[in-house]
Amino acid sequence: MTTQIEPFRAIAISRIAHQLKTEGRSIIHMEFGQPSTGAPPAAIAAAHGVLDTDGMGYWESAPLKARIARLYHDRHGLEIDPDRLFLTCGASPALVLALSSRFAPFARIAMARPGYVAYRNTVRALHMEAVEIACGPAEHFQLTAAALEALEPAPDGLIIASPANPTGSIIAPDELAAIAEVCARRRIAIISDEIYHGLAYAGPTPSMLEFAPDATVINSFSKYWSMAGWRLGWILVPPSLIEPVRARIGNLFLTPPSLSQHAGLAAMDSDDVLQRHVDTYRANRVLMLDALPALGLKSIAPPDGAFYIWADIGHLTDDSLSFCEQLLRDTGVATAPGVDFDPVDGHRFMRFSFAVSTEEVRDALARMIPWFAARAGR
Ligand SMILES: Cc1ncc(COP(=O)(O)O)c(C=O)c1O
C-alpha cells in the first residue's frame, strides 16, 4: 500500500474563491504565498529576446549558475563553486532531490510545526518519517537548538526555514549558529530552505551555509524574484552529494525550461524593481499589524520576513477550515486555514498572505474588520 499524504487545503479555499469570482463576486486572494506582481520587465524582455533564436533544448545555463554563485558572495560573503549548484523547477523538486540524495527510506527528518505543508508530505511520500517539533509563541514559532538537543534519538536530518512559512519568523543568527553546532555534534544533516531570503523587514537573514558549510540549501525564483509560474530554482549541495544529485536530476527531472533560465538570469539584475516589491510588502505588513487590534487578533507570530501573518483565532473557532471558508463566502477574502501547516494545533490558526497590492490589503481589512467583530460578539 502506498503512503497517504494530505492535500493542501488552501487549494480548496482557492477553488471556492475562483467559483465565487465566476459568479461575479469581488475576491481578494490572500490564500497563497504568491507575489501578484509578475516577473521583472527585464526577465520578460530576455524571454522575448530568446524565443525566436533559442532551440529550447535541455539546457543548464552556466551563466545562471555563475550568477547564483555570485549571489552567495554578495549576500553572505561566501565563495561557492558553481559545480555544487543544480538548477531545478523551483524549490519543490529541489526538496525531493535534497531528501532522496541524502537519506534512505525510514530516515527521521525533523522540522518545525507549524511548517510548510510540503515538508512533512514530501518526507512521507519518500517513505521517510516526519518528526515534527512543536514550536509555539515562546520560541517565536521557530526551531531552537535546545529543542533539537532534546530530541531523542537524534533525527537523521533537519529541514529548517528562515524566514519561515507560514509564520514569516526569522531565526536569529546566534540561534542558527547554535543549531548548526548541535547538528554537527549529533550528525544531523541539514536542509535549509532559503526561499524567502530577500524578503526581510527586521534584521539579517544569514544563510545556513555561513554556520554549516555542509548544509544542503534550496532556493527558488518564486518569491523574491516574483516568478512562481516560471518554475525555476536551485539546490546547492556539499561536494559529497554532487554525484548523487546529478544522477537523480538526470533521471527524475532533467532541466528547468530554457526560457525560464534566460529570464531568471535577467531577473537577478533587477533589484531596483524587486526592492519596490519589498517596499510594498513592508507597507502591507504595517497595515496588517496596525489592524490586528481591530480584528481582535492578539497572538501572532513575529512576521519578520516573507509575506505572512500567522494568527491565533482560537477565541473565534476550533475549525480553521470552516472559518476561512465562511470568511471567504461572506467577505470575498480568501485566506489559508492553519490545518495545512499544523496538523495538531492548526484548527485554531489561520494564515494571511500580504503578497498582494496595498489597495487590496486596505480593501481586505475594510471587509474583514466588521466580520471579525461580529464573529467575536457571537
Ligand atoms: C517554504 C517554501 N518552500 C518551498 C516552496 C515551493 O516553492 P517553489 O516550488 O515554487 O519554488 C514554497 C511555496 O510556497 C514555500 O513556501
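Points to keep in mind about this one:
A quick yes/no check of all residues on (1) touching a strand residue (DSSP E or B) at 6+ places or on another chain (Cβ under 9 Å); (2) part of a loop (DSSP other than H, G, I, E, B):
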{"residue": "A138", "(1), (2)": "no, no"}
{"residue": "F141", "(1), (2)": "yes, yes"}
{"residue": "P153", "(1), (2)": "yes, yes"}
{"residue": "A180", "(1), (2)": "yes, no"}
{"residue": "I191", "(1), (2)": "yes, no"}
{"residue": "Y196", "(1), (2)": "yes, yes"}
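- The residue that is least open to solvent (accessible area, probe 1.4 Å), among those in segment 301-317 that are over 18 Å from the mean Cα position of the chain (by Cα) and among the aliphatic types (A, V, I, L, M), is I313.
- Looking only at residues in segment 81-128 that are polar (S, T, N, Q) and away from the ligand (no atom under 14 Å from the Cβ), the one that is farthest from Y308 (Cα to Cα) is S101.
- Top-ranked residue of segment 36-74 - restricted to ones that are part of a loop (DSSP other than H, G, I, E, B) and of a type in the set (G, A, S), ranked as farthest from S222 (Cα to Cα): G55
- Helices (runs of 4 or more DSSP H) wholly inside segment 222-311 containing at least 2 residues that are closer than 28 Å to R351 by Cα, in contact (Cβ under 8 Å) with a residue 40 or more places away in the chain and more than 16 Å from the ligand (Cβ to nearest atom): 271-295
- Across segment 158-175, the number of residues qualifying as more than 14 Å from the ligand (Cβ to nearest atom), in contact with a helix residue (DSSP H, G or I) (Cβ under 9 Å, 6 or more places away or on another chain) and open to solvent by 10 Å² or more (accessible area, probe 1.4 Å) comes to 2.
- Selection within segment 75-91 - touching a strand residue (DSSP E or B) at 6+ places or on another chain (Cβ under 8 Å) and open to solvent by 10 Å² or more (accessible area, probe 1.4 Å): I80, R84, C89, A91
- Qualifying positions in segment 176-196 - within 22 Å of V123 (Cα to Cα) and open to solvent by 30 Å² or more (accessible area, probe 1.4 Å): A184, R186, R187
- Here E132 passes the criteria (1) in a helix (DSSP H, G or I); (2) within 16 Å of the ligand (Cβ to nearest atom) except the one numbered (1).
- Only one of the numbered conditions (1) touching a residue at least 12 places away in the same chain (Cβ under 8 Å); (2) open to solvent by 10 Å² or more (accessible area, probe 1.4 Å); (3) more than 16 Å from the ligand (Cβ to nearest atom) is not met by P155, and that is (2).
- Yes/no for N219 being within 14 Å of the ligand (Cβ to nearest atom), at pLDDT 95 or above and assigned to a strand (DSSP E or B): yes
- Qualifying residue in segment 275-294 (condition: open to solvent by 10 Å² or more (accessible area, probe 1.4 Å), among the acidic types (D, E) and under 30 Å from I313 (Cβ atoms)): yes
- Residue match in segment 238-245 (condition: over 17 Å from the mean Cα position of the chain (by Cα), over 20 Å from R67 (Cα atoms) and either among the polar types (S, T, N, Q) or open to solvent by less than 10 Å² (accessible area, probe 1.4 Å) (or both)): yes
- Pairs with Cβ under 8 Å, 6+ apart, first in segment 105-131 and closer than 24 Å to E31 by Cα, second assigned to a helix (DSSP H, G or I) and among the aromatic types (F, W, Y): M111/Y119
- Criterion: among the acidic types (D, E), within 21 Å of D345 (Cβ to Cβ) and modelled with pLDDT of 95 or more - qualifying residue of E139, E149, E129, E181: E129
- Condition check for L158: closer than 30 Å to L87 by Cβ, part of a loop (DSSP other than H, G, I, E, B) and out of contact with any Phe, Trp or Tyr (no Cβ under 9 Å at 6 or more places or on another chain): no
- Looking only at segment 197-215, and only at residues there that are open to solvent by 10 Å² or more (accessible area, probe 1.4 Å) and within 15 Å of the ligand (Cβ to nearest atom), the one that is modelled with the lowest pLDDT: T205
The values are calculated or read from the model by the stated rules, or taken from the named source; none is laboratory data. Bear in mind the structure is a predicted one, so any value in this text is a computation, not a measurement. Because the Cβ atoms are built from the backbone with ideal geometry, glycine has one as well, and the counts that use them run over all protein chains shown. Calculation scope for accessible area: heavy atoms of the full protein, side chains included, ligands and nucleic acids excluded. Shrake-Rupley method; radii C 1.70, N 1.55, O 1.52, S 1.80 Å.
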